[in-house]
Amino acid sequence: MKSGDHSAINVPESSAVEKGKAPLIATAREQKSGFKKGLGISDFLLRLGAIIAALAAAATMGTSDETLPFFTQFFQFEASYDDLPTFMFFVIAMALVGGYLVLSLPFSIVTIVRPQAAAPRLLLFILDIFALTLTTSAGGAAAAIVYLAHNGNPNTNWLAICQQFGDFCQKVSGAVVASFVTVVVFILLILQSGFALKNH
């Protein structure tokens, strides 16, 4: 053999090195699974909060009714949510959203039990977007009426009624606030679901 010649000797990896890689991969998978399980638990808790806010909004608006203690021979001064189609739409929309959130809880539990499952997260992601749209439209429409009830509109001769119907205005204002709390929770749910799907 010449001095310039070199021979390559392949040394196979020892079984100890091969065995050492497996626990590292398993640990990484377990950490990722644990992180997604944490997201699933957070999703479940957020949905519980959204259920409370949505149903509180629907119940508060649905029970908003006030009758003034004075009346005439022909008129009785009363304010109720069903006097305005916008408020009726609000009650129906928030009740539907609350019902949807209740029905979504089993799918949220699946994301906790099976953190790697992408189908339940994707389904909730899509349905949450529709629910967010409905909640935002109902809350925005009701907020416009509440603003007019508080401030009126001199250009159209719409009078502010909240000085007379204080309890009624307080209830409908609280319902609108609860609906926007629901909107914020839906935004958090959608962002969280998008983040979880991105890391699948």
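Here are some notes:
- Against the list (1) among the hydrophobic types (A, V, I, L, M, F, W, C); (2) free of Cβ contacts under 8 Å to residues at least 24 places away in the same chain; (3) in a helix (DSSP H, G or I), the condition L188 fails is (2).
- If you filter segment 133-143 down to residues that are touching a Ser or Thr at 6+ places or on another chain (Cβ under 9 Å), open to solvent by 20 Å² or more (accessible area, probe 1.4 Å) and aliphatic (A, V, I, L, M), you find that the one that is farthest from F180 (Cα to Cα) is A141.
- The numbered conditions (1) at pLDDT below 95; (2) assigned to a helix (DSSP H, G or I); (3) open to solvent by less than 20 Å² (accessible area, probe 1.4 Å); (4) not aliphatic (A, V, I, L, M) are all true for H150 except (3).
- Filtered by the rule that a residue be open to solvent by 60 Å² or more (accessible area, probe 1.4 Å) and at pLDDT 90 or above, segment 114-132 gives A119, L122, L123, I126, L127, I129, F130.
Per-residue answers, yes or no, for (1) touching a helix residue (DSSP H, G or I) at 6+ places or on another chain (Cβ under 9 Å); (2) modelled with pLDDT under 90; (3) farther than 30 Å from L101 by Cα; (4) in a helix (DSSP H, G or I):
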position	(1), (2), (3), (4)
E30	no, yes, no, yes
S42	yes, no, no, yes
R47	yes, no, no, yes
A50	yes, no, no, yes
A58	yes, no, no, yes
L68	no, yes, yes, no
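- Residues that are open to solvent by 20 Å² or more (accessible area, probe 1.4 Å), at pLDDT 95 or above and either over 30 Å from L46 (Cα atoms) or not aliphatic (A, V, I, L, M) (or both), drawn from segment 175-200: F180
The values are calculated or read from the model by the stated rules, or taken from the named source; none is laboratory data. Computed from a predicted model, the values in this text were never measured in an experiment. Counting neighbours? That spans all protein chains shown, and the Cβs are built from the backbone with ideal geometry, glycine included. These accessible areas exclude ligands, DNA and RNA; they are computed on the full protein's heavy atoms, side chains included. Shrake-Rupley method; radii C 1.70, N 1.55, O 1.52, S 1.80 Å.
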